[in-house]
Structures are given as structure tokens and as C-alpha cells.
1. As I understand it, the value is the acute angle between the Cα axis of helix 26-36 and the longest principal axis of the Cα atoms of the chain; what does it come to in degrees, rounded to 10?
2. Looking at this model, which pairs from 195/345; 339/398; 48/264 are more than 22 angstrom apart at the alpha-carbon?
3. Given a 1.4 Å probe and heavy atoms of the protein chains only, how would you sort 120, 90, largest accessible area at the top?
4. With a 1.4 Å probe and every protein chain kept in, tell me what percent of the accessible surface of the stretch 124-245 is carbon plus sulfur.
5. Have a look at the stretch 31-109 and give its Rg and Dmax from the Cα atoms, expressed in angstrom.
6. What angle, in degrees between 0 and 90 and rounded to the nearest 10, separates the Cα long axis of helix 377-412 from the longest principal axis of the Cα atoms of the chain?
7. Residues with amide H under 5 Å of residue 78's amide H, sequence separation 5 or more or different chain, H placed in the peptide plane at 1.01 Å from N; which?
8. Each label point is 7 Å from the Cα along the Cα-to-Cβ direction; what then is the distance between the points at residue 305 and residue 150, in nm?
Amino acid sequence: MRTITAYIFLIIVTHSLAFSQKNLSLDDCESIFRQNNLLLLAEQYNIKIANANVIQAKIWELPVVSVELNAINPQDNRVFDIGEQGQKSFAIQQLIYLGKKKKKEVDFAKSTISIAELQFEQLLRNLRYQLHYSFYTIYFEQQKVKGIETQIANIDTLIKAYSVQAQKRNISMKDVVRLQSISIDLKNNLISFQKNIYQEQENLKILTGLSESINPIIEDFSFLNLYSQKLVPETEFLLKTSLEINPEYLSFLKIIDSQELMLKWQKSLATPDITAGISYDQRGGAFGNQINLTLGIPIPLWNRNKGNIQVSEAQIAQSKLLKDQKKLELESQIANAYKTWHLQKDQYNQIGLTINENFNEVLEGVLKNFKRQNITILEFTDFMESYNLSILQLNEMKKQLILSSESLNHIVNTNLF
């Protein structure tokens, strides 16, 4: 009873959602995704932040101006005696960097721009894969739903006819129960697939920023041939390609370069800087209206920036290990993704592209023969269970073929298909 209630509720929900759906192709979804995705829009600001840090790194410390004015003249009993016979002094000082500190700071800041750009590309790549995954998952789950709905309609029609005959005692009630059992099983599957569709539609809403549910549209149905017939280079070539263009791996290389620039900057900070300036003193110096040159430099007794230098060296060593680890991960992921795609492709090609038509022809024949009582209820129920399982597995096979191809595209970061 719960299954029937859930099925009725599902029909109502599906009917209401159908009016709020938006029919979109994969290209349409990608275009909207690039314009609306909030994570992408937010990540772009990291590039602007990195550029702003370069601007900030180029700025020198501001000069310091100091003024000294007489407050009380006890000798002449006057306050603020700053006139021609009074006392006042002025000074201006500027910090001058030594050891090319400012240049090295700017070089480090510039290196973070390429890292931010690669991180943006990496996010774009990951989200785009999620978009493709949800799009194709929804499409093939919907194909499963369509097939099951057709079967449910046929079975429910038979149940009505057999119920009438059972009441007239022309057939056994157990035959009706067997048909009802098939119907319940189909409706349970339908609910499961609809849940998957709703989940992936929510993901597409978040990715594209749309409020409506997206109904995937595929106009060119020959796209399966591309995934099943395309010749893909061996894993060694794919790994080489990935190491050249995979943004996650490249970001490790850029991070190492950036950290090496940071190390140079930290080493340069061990060199003391000079503070140079000019001062004017009206009457407080050895001479009247005295003008002085001032120079100041810290004495590097105990602060040679050793701690920060060691931190930078440790970070470089750590990043090199992480880079090697990422290379190992890419080797494993590419090998696994290639084998999975090859397995799915071979399996799909062995079954052939016309199997759907064969199944449907057989189904129509079995239904006609069952209605004419040429086959028994046991033969019919056995066939329906096998047919349902085969159709679901075929659609799942198509879905997995495309998803394995998209996974290979994602890992290598190129359009192999």
C-alpha cells in the first residue's frame, strides 16, 4: 500500500514539476553555468586579489616627517617660542631597501597570479565535469523512467482486464496477484530512478544558478558512436599530455616556483635596511639653523630571519613531495579511467546499437501472445522480469560509457571525445 501511495504522490509531483522544467542542451547548460555559477564568480576575485598584491608589493614605505617645536622657554618665560629667536626643528626620513628586497617581493607577488589562474581553471574543470555528470545521469535515468512507465501502463491494463475475468471466475486470482507483483516492482524502480533524477536536477540548479529544473535535451543521437568508436591514445601519451596541461599538477609546479621566490625574499630580509633623512634645527644644534644628514641601520646581532628562511625551505621540500604524489595519482587515475572506458566501450560495442529495437519487438510479441493466452502467466512474468532487467542494464551501460569517457576527459584535461 505504501508503494502505491508513493507512486501516486510521485505522479503528482512529476506532473507539477513538468511545467517548471527548462529544456536545455549540454552547450546551453555550459553557457549558463559559466555566466551564473557563484563559485566561479567568487574564484575570479582571487586573480584580482593576486594582481592587487603585486601593486601593493611595488609600493615603498612612506617617508616619515617629524617636527619638534618649543613648548616652554624657561629662560625668557615664554611658551611656544618658535619665532626667529625661538627653537624649532624638522626632519624627514625614508627607509631604503637593500639586498633587492623590493624586487624579490614583487617577483613573489607576481608568481601568485599564475597560481590563482590555475586554481580558477581547476575549479572550472571540476565543476564542468560535475555538470556533464549530472546532465547525462538525468538523461539516461529519464530513459529508464520512460521505459518503466510504458511497462507499468501495459501491466496495469492487463491487471484491469484480468481482475474482471477473476471476478467472473474465468481465471485464477493468483494470476492477477502475479501481475500486481510485477507492477509493484516496476513502481518501486520508478521511484528510485525519479529520486536520482531529482537529486541531479538539484545539482544542475546549483551549478547553473537556475531556479527551474533542467530537462536535458540531446538532439544528435549519434553521439554514442563517438564515445564507442573513438580511438584514444595509450595511457603513456595521456599521462604526458596530462602533465603538460593538467591545472592541478601545474599548480604544484607554480607553487614550488613561487616558494623558491619566497625563499629568496626571506633571505634578502636578513640584510639590514638603511633609514636616510635630512633634518633642520634652528638653535638646538652646534650651529644656528643647522642642517643635518641622518643615517640609521639596524645591527644584525640576533635576528637574521633564520626561522622564516627555514619555513620557506621546508615548504619547498613539502611541495616537491606533493608534486610527486600528484604525479603518481595522475598515473593511477589515467590508467584506471582508460581501462574503465575501454571496458565500457567493448561491452557496448559487443551488444550493438539495435538491441533496443529487438527488445521492443519481442515485448510487443509477448504482450500479444499473452493477451491471446498463447503463453502462460509464468512465462509472461519471467519474460517481463528479464526484459525489465535487460532494458535497465542497457541504459545503465550507455550512461556508464559516457560517464567513463567524461572522466577520462576530466583527468587528462582535454577533449578526447
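The values are calculated or read from the model by the stated rules, or taken from the named source; none is laboratory data. Note that the structure is a prediction, hence the values are computed from the model and not measured. Positions of Cβ are generated from backbone atoms using ideal geometry, with glycine treated the same way; all protein chains shown enter the neighbour counts. Side chains included, ligands, DNA and RNA excluded: accessible areas come from the protein's heavy atoms. Shrake-Rupley method; radii C 1.70, N 1.55, O 1.52, S 1.80 Å.
1. Tilt of helix 26-36: around 30 degrees.
2. Working: 195/345 28 Å; 339/398 16 Å; 48/264 25 Å.
Exceeds cut-off: 195/345; 48/264.
3. On the way: 120 40, 90 90 Å².
Most to least solvent-accessible, the answer reads 90, 120.
4. Numbers: 3220 of 6170 Å².
The nonpolar share, carbon plus sulfur, comes to 52 percent.
5. Final numbers for Rg and Dmax: 25.8, 83 Å.
6. Roughly 20 degrees, rounded to the nearest 10.
7. HN-HN under 5 Å from residue 78: 73.
8. 7.3
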